[in-house]
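Computed from the coordinates by the stated procedures, all read-outs in this text should not be read as laboratory data. This structure is a prediction, so every number in the text was calculated from the model and none was measured. Note that we place each Cβ from the backbone using ideal geometry, even for glycine, and neighbour counts take in every protein chain shown.
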Amino acid sequence: MGTGEGEQREGGEKRMRLEPSEEMMYRRMDWKERLLLLFPLLGILASVGLLMIGSGRWRGYGVVVVGLAVGALMVIWVVYRGIQRRIMPIVNCFLEVQRDCFVAVQPFRDGEYESCRIYFEEIEGMIEGKKGKGFYVRISGEGRSVVQRKERGRVIFVSSEGYDRGKFGVLYEKIEEKVSREIKEYHN
């Protein structure tokens with residue numbers, strides 16, 4: 001599934017929908033495979049360190065080699081588990097701006113997804129994330145907006161991963177425009 005963009009009329013107004021590319025998940029799977037290659041190499045390095053310790057003559061160097069190999073194995077294991085938790089199908093994921101709200105379904109971790117339907121009049125603030133990696137939305141505690149995820153809270157991060165940067169930027173600007181319009185109407 002490629003990056004899809006659809007604009008349809010809904011009540012006289014255009015609706016924008018983006019679907020992510022699976023390329024990001026393939027990149028994560030590639031990284032996971034590369035990390036798997038490092039485990040036997042570091043195991044061999046640790047074995048060499050143990051042989052150095054056993055020889056007696058290179059005991060100090062052996063301890064350093066084993067320590068580095070074990071430390072690197074632990075770091076790589078943590079990174080590997082983090083990547084593994086974030087690999088999941090993105091077939092039903094999308095971002096859509098509708099007339100009075102926006103809807104997002106996105107991967108979270110461990111095979112779970114988070115989804116939301118946030119009405120523009122309930123948005124208290126929006127902040128762009130670092131380096132254009134998405135944006136944060138803070139919603140009021142009461143209202144019609146629905147956020148489905150494990151962690152509860154009034155702030156949700158909408159990730160740009162898998163989406164074309166230009167199209168995601170246009171979608172963000174469209175949401176920002178609708179939110180500012182709602183704020184102006186509320187204050188008038």
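Just checking the listed ones, Glu142, Glu114, Glu173: in the Gaussian network model of the chain with Cα springs under 10 Å, the one fluctuating most is Glu142. Per the Debye calculation on the chain with a single equal scatterer at every Cα and no solvent contribution, log₁₀ I(q)/I(0) for q = 0.09, 0.15, 0.16 Å⁻¹ amounts to -0.48, -0.91, -0.99. State whether segment 32-90 is rounded, prolate or oblate according to the following rule on the C-alpha gyration tensor (a ≥ b ≥ c being the square roots of its eigenvalues): a/c under 1.5 gives rounded; otherwise a/b larger than b/c gives prolate, and the remaining case gives oblate. Because a/c hits 1.5 or more and a/b exceeds b/c, segment 32-90 counts as prolate.
Annotation: for a label point projected 7 angstrom from Cα along Cα→Cβ of Phe157, residues of segment 63-85 with backbone N closer than 19 Å are 78-85. Computed about the Cα centre, the dipole magnitude for the chain is approximately 920 debye when only Lys and Arg (+1) and Asp and Glu (-1) carry charge, each at its Cβ. Rounded to the nearest 10 degrees, the inclination of helix 59-85 to the longest alpha-carbon principal axis of the chain is 20 degrees. Among Val137, Val147, Val65, the largest mean-square fluctuation in a Gaussian network model of the chain, built with springs joining Cα atoms closer than 10 Å, belongs to Val65. The angle between the Cα long axis of helix 23-55 and the longest principal axis of the Cα atoms of the chain comes to about 20 degrees, rounded to the nearest 10. In the chain, helices alone account for a calculated mean residue ellipticity at 222 nm of -16000 deg cm²/dmol, with every DSSP H run of four or more residues adding -39,500 (n - 2.57). With an a/c value of 1.5 or above and a/b not larger than b/c for the gyration tensor axes a ≥ b ≥ c computed over the alpha-carbon atoms, segment 86-178 is described as oblate.
A dipole drawn for segment 49-188 from +1 and -1 charges on Cβ atoms has a positive end, and of Gly169, Val70, Gly60 the residue lying farthest that way is Gly60.
The Phe39 and Ser180 beta-carbon pair, evaluated with R₀ = 41 Å, returns a calculated FRET efficiency of approximately 0.20. Taking the C-alpha atoms only, the angle from helix 165-187 to the longest principal axis of the chain is near 50 degrees.
Along the axis of the charge dipole computed for the chain (Cβ charges of +1 for Lys and Arg, -1 for Asp and Glu, origin at the Cα centre), the listed residues Leu18, Gly43, Gln98 are led at the positive end by Gly43. The count of lysine pairs in the chain that are at least 8 places apart or cross chains, and whose C-alpha atoms lie under 22 Å apart, stands at 15. Scaled to the globular estimate 2.2 N^0.38 Å, the Cα spread of segment 57-103, given as radius of gyration, is 2.38.
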